[in-house]
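Notes for the one structure printed next.
FYI, it's all coordinate maths here, none of it is from the lab. Worth saying up front: this structure is predicted, and the values here are computed from it rather than measured. As a convention, Cβ positions derive from the backbone with ideal geometry for all residues, glycine included, and neighbour counts pool all protein chains shown.
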Amino acid sequence: MYRGCISHHHKKTMPIEERKRDKVKAINPMVGQIILVINIIIIIGMFLYARQHLKTFKIITSTFDQVEYLFQVTLLSNKIDYLLKLEMKNKEKKPKLLKFSKPQYEFIIKKFKRTIWQVSGINQEEVLLLPEGRLCFSQIWDQRNTLGEMVEPGEYQVVAKINLSPPRSLATQIKVRE
């Protein structure tokens, strides 16, 4: 019979999460590449979905006097309505006072330089835009002219006009029902 001290050498144990991770790596050393491929497939799927449901998606940007202007034109999933969205963002680190003439903004649809539809909105003369603050205007255009008739298929110019001093405009071309 032995009466001495028996010592056990304990290995430092890893937390369960690390052991699981090591097992996964041992099973497949290419886990990182597989995850990357899955992410790429997801991104492609999102792009294809957006392409299917948002046929026309145009973004025009411009910066003037530390204000960024973003104009988006999107054909909605019903394939008739266009969402026209104008966003202004203060890029300065201090508030910016915007002084408008009336109306603040206009969305204009033109064919061969002739206005076929126009809408304007909001008659507020001044807006204080905080640092990184945004001001958005949006409108739906249902492919009808000012008389309420459907427009002919073809190319149209879409204009967003901001009635500041001096006035600013952003424009893009779209194809209607082609």
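For ARG168, what is the net charge nearby, where nearby means another residue's Cβ is under 12 Å from its Cβ and Lys, Arg count +1, Asp, Glu -1? Each step should come with its number before you reach the end.
Values: positive: LYS161; negative: ASP65, GLU68, GLU106.
That works out to -2.
Could you compute the net charge surrounding PHE112? Neighbours are other residues with a C-beta less than 13 Å from the C-beta of PHE112; K and R count +1, D and E count -1. Write down the numbers at each step before the final one.
Working: positive: LYS110, LYS111, LYS113, ARG114; negative: GLU152, GLU155.
Around PHE112, the charge tally is +2.
Near GLN124, within a Cβ-to-Cβ distance under 14 Å, what is the net charge of the other residues, with Lys and Arg +1 and Asp and Glu -1? Don't skip to the answer; put the middle values down first.
Values: positive: LYS99, LYS102; negative: GLU125, GLU126.
Once positives and negatives cancel, what remains is 0.
Counting other beta carbons within 10 Å of each residue's own, what order do ARG114, ARG177 fall into, fewest first?
Working: ARG114 8, ARG177 12.
Result, fewest neighbours first: ARG114, ARG177.
For a quick check: sort PHE71, PHE100 by the number of other beta carbons within 10 angstrom, fewest at the front. The partial results should precede the final answer.
Details: PHE71 23, PHE100 18.
Ascending Cβ contact count within 10 Å gives the list PHE100, PHE71.
Please order PHE64, PHE137, PHE112 by the number of other Cβ within 10 Å, starting at the fewest.
Details: PHE64 12, PHE137 21, PHE112 9.
Neighbour counts put them in this order, fewest first: PHE112, PHE64, PHE137.
Any number yet on Rg/Rh for region 57-176, C-alpha, Kirkwood?
Values: Rg = 14.9 Å, Rh = 15.0 Å.
My calculation puts Rg/Rh at 0.99.
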